[in-house]
Amino acid sequence: MAAIFQGVGAAAALSSSPSNSFDSKKFVFSPCRSFSVRKGASFAVVRSDGRVNLNPKGRRAQQLISNAVATKSDSAAASSSSKPGHELLLFEALQEGLEEEMERDPRVCVMGEDVGHYGGSYKVTKGLAKKFGDLRVLDTPIAENSFTGMGIGAAMTGLRPVVEGMNMGFLLLAFNQISNNCGMLHYTSGGQFTIPIVIRGPGGVGRQLGAEHSQRLESYFQSIPGIQMVACSTPYNAKGLMKAAIRSENPVIFFEHVLLYNLKERIPDEDYICNLEEAEMVRPGEHVTILTYSRMRYHVMQAAKTLVNKGYDPEVIDIRSLKPFDLYTIGNSVKKTHRVLIVEECMRTGGIGASLIAAITENFNDYLDASIMCLSSQDVPTPYAGTLEEVTVVQPAQIVTAVEQLCQ
Amino acid sequence: MALSRLASSSSSSRSADLLKPLCSAISLRRPISTDTTPITVETSVPFTSHQCDTPSRSVQTNAKELLTFFRDMALMRRMEIAADSLYKAKLIRGFCHLYDGQEAVAVGMEASITKKDCIIAAYRDHCTFVARGGTLLEVFAELMGRQAGCSRGKGGSMHFYKKDSNFYGGHGIVGAQVPLGCGLAFAQKYSKDEAVTFALYGDGAANQGQLFEALNISALWDLPAILVCENNHYGMGTAEWRAAKSPAYYKRGDYAPGLKVDGMDALAVKQACTFAKEHALKNGPIILEMDTYRYHGHSMSDPGSTYRTRDEITGVRQERDPVERIRKLILSHDLATEKELKDIEKEIRKEVDDAIAQAKENPLPESSELFTNVYAKGLGVESFGADRKEVRAVLP
């Protein structure tokens, strides 16, 4: 059983009346959200099956409560709405997560291009070099293959490096190290070495950044055995997932998105962690399950507003964990709605959506009333021109049309 | 000869004289193999250096060390030859890269360092693993894919690891272990271990870009990394002059100092590694080029004679063989007799045969082993076989 920390779930299980504390915890941040980049309605994140985490998964959470280091103070704070938390942007949430972990564990170090003195190209590592020094926040030359390899070598001895790719696309240069050494060393050494490394960076289609700087590497990495992949989408889960990834004994590839760094949200003050393997229920519904992750979550939520006006009730799940898929949450949703739409930013061929279709079809085929629809980016290099770029990526209007088609 | 040595070193007394013939009958190795009176030997050729001083040609050693060298190298030689037969008997499959001819590098390096220092190597790792403390059973079991192997049968010839003695493998992709090695050195500096890392690579890997990237970073951050090029002059089938514009591998570090060493002389290797360790702890990375030679082809599927002449191979074997050099040293310094050395070799042969027999008895891994160690501590996720329906297992 993995060391699973549930920031929200564990808090719920800890306190005496789960539903109350659960909801109040939600109220802690939902009304105050404002998105500077993407318009999204704030929804309470309550489990769609009504019961709050007291399912087998909850049992798992209860099993681990004695180990739930992160949630020690949650029981008191969660049940009261006195501490509203603090508001920050997504990159600041990542920075907070990194800083807290570096304080907590002296073995955590950060390596990457311009992460130190420059403060990070997206300011995720701002201020860390001054605070922790040059040996813990390391500026590397432009040599992804070797510094990723060095991070893995250091991880073999027990250090916990966080390797930053300035853009995920640059990590293609380190593919050999990530695939062969990072993913496989635990296996080929018969369990002698663990590689507790976190490889993170922004990816995805930005604003006219060009083909080479708009890559979605999750589809290339998904076959590598031995690694975990997570994609963050809100400041809350960015910080929670970052902390969980650093504490995990497995190598984690942490996907951020270039356009989400300035999202603002109110997050709790206390220490919390998000479960690396769990999906997030963004909006419970009845008619159709929409699975998405990263930036597409916001396109989906925008489409959801239109859909609600048209009388549909979509259930939106942010899958967060790209490897392994949270088939438990997804399955429960499919069993309820019987229709699935996947909205992703990967390309159609060989993307995360393609794998997800295969996984859902194999496991839940009997529950499906219609074929799974998958909206992905076009199989083209991302063009520079703005209008073309818009067409490459899935837009809310297409999501609305797809749901209408699916629900006929 | 040994008897006379005993006579001269021990104080002569009637009782001692009476006991001498008895001692010789039982085992003469004991007093000699623990003898640590220093002996000074000159290395075969002087060291050449780039951007640093050369260490002295005179190496301090002693009888115990020389006999250990002989024993270890003979063991490695025997082990590799046995692996050759096992491969031809189809008990070892896939890739098998043999190290015979290069034993002096593994043994000399080990003699100059402690178990706190890290070694990382490429796929020609059987002997380096043994030098770091691996047992013959672990070697043969892993080669044959059995449970008792060092990686539980899941790694194979190219993936030997021994964490408790800081041996980090065992890597199949050429050159990829050098950045890993620099990462190990980084961790040592980070944790203030006062130890060094030896990152071994071959003359073929010396042309990999990631090597220069890693060297650059190591030099910038002053890491205690020692890059050791085991130059056996052939990158699989390509001779070094056809692959490298500048085959002076010890000079290719440019700003990093380098040392060229006769890799067939275990004492020269030991001297160079001691020098390198001292240098790396103070001044950052250094490159060592070990001029060595492999008798076998690149791997078992390479006959080794299409790109070099048999005369060349036999020539090196006659003139520079590392085991023979130590044997001659031992004999010329009267540290043991021919017969004793032959007895050691017989013992080694038996040891190897016993280990092989034991490894053959060892069971193959269970099917459930397929899914262990994919993730640390597992996730409770399901893993599927190729048909995605059968072989469904929950990863532990």
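Between the amide H of A:E256 and those of A:G201, A:G203, distances stay under 5 Å, these residues lying 5 or more places away or on another chain, with hydrogens modeled in the peptide plane. Cross-link pairs exceeding 21 Å in C-alpha to C-alpha distance, out of B:K116/B:K162; B:K116/B:K260; A:K310/A:K335; A:K264/A:K336; B:K163/B:K350, comprise B:K116/B:K260; A:K310/A:K335; A:K264/A:K336; B:K163/B:K350.
Against chain B, whose longest principal axis comes from its Cα atoms, helix B:310-320 is set at around 50 degrees. Count Lys and Arg as plus one, Asp and Glu as minus one, and take only other residues whose Cβ is under 9 Å from that of A:C109; the net charge is then +3. Taking a straight line from the alpha carbon of B:K245, these aspartates and glutamates sit under 14 Å away, with near neighbours fewer than eight places off in the same chain left out: B:D203. Residue by residue, region A:127-132 carries 3J(HN,Hα) couplings of x, 6, 5, 5, 7, 10 Hz when phi is fed to the Karplus relation 6.51 cos²θ - 1.76 cosθ + 1.60 (θ = phi - 60°); x denotes Gly or Pro. Between region A:347-362 and region A:276-344, what's the alpha-carbon centroid distance in Å? What the calculation gives is 15 Å, centre to centre. If a/c stays under 1.5 just call it rounded; otherwise compare a/b with b/c (prolate if a/b is bigger, oblate if not). Do that for region B:41-365, with a ≥ b ≥ c from the square roots of the Cα gyration tensor eigenvalues. Rounded, since a/c falls under 1.5. Taking every C-alpha pair closer than 8 Å and separated by at least 6 residues, the mean separation divided by the residue count of region B:41-365 gives a relative contact order of 24 percent.
Beta bridges assigned by DSSP with both partners in region A:280-407 are antiparallel in approximately 20 percent of cases. What shape does region A:280-407 take by its C-alpha gyration tensor, where a ≥ b ≥ c are the square roots of the eigenvalues and a/c under 1.5 counts as rounded, a/b above b/c as prolate, and the rest as oblate? Since a/c reaches 1.5 but b/c is at least a/b, the shape of region A:280-407 is classed as oblate. Expressed to the nearest 5 percent, the antiparallel share of DSSP beta bridges inside region A:86-268 is 15 percent.
Gap in Å between the Cα centre of region B:132-204 and the Cα centre of region A:364-408? Value for the Cα centre distance between the two parts: 47 Å. Among the listed pairs B:K192/B:K277; B:K189/B:K277; B:K192/B:K282, none has a Cα-Cα separation exceeding 23 Å.
Cross-link partners of B:K328 among lysines, defined as those whose alpha carbon lies under 21 angstrom from its own and excluding same-chain residues fewer than eight positions apart: B:K64, B:K270, B:K339, B:K342, B:K346.
Please list, or write none, the aspartates and glutamates whose alpha carbon is within less than 12 Å of the alpha carbon of B:K377, excluding same-chain residues fewer than 8 places away. Filter leaves A:E249.
3J(HN,Hα) along region B:135-145: 8, 4, 4, 4, 5, 5, 5, 5, 5, 8, x Hz, from the Karplus curve 6.51 cos²θ - 1.76 cosθ + 1.60 with θ = phi - 60°, whole Hz, x for Gly and Pro. With contributions of -39500 (n - 2.57) from each DSSP H run of at least four residues, the per-residue ellipticity at 222 nm computed over chain B stands at -13500 deg cm²/dmol.
Bridges between two residues of chain B, per DSSP, are antiparallel at a rate of about 40%. Summary: within chain B, the longest segment free of GluC sites (Glu not before Pro) located in DSSP loops with at most 15 other C-beta atoms within 10 Å is B:1-193.
Every number in this text was worked out from the coordinates using simple rules, so none of it is lab data. The structure presented is a predicted model; accordingly, all values stated were derived computationally and were not measured. Cβ: placed from backbone, ideal geometry, glycine included. Neighbour counts: every protein chain shown.
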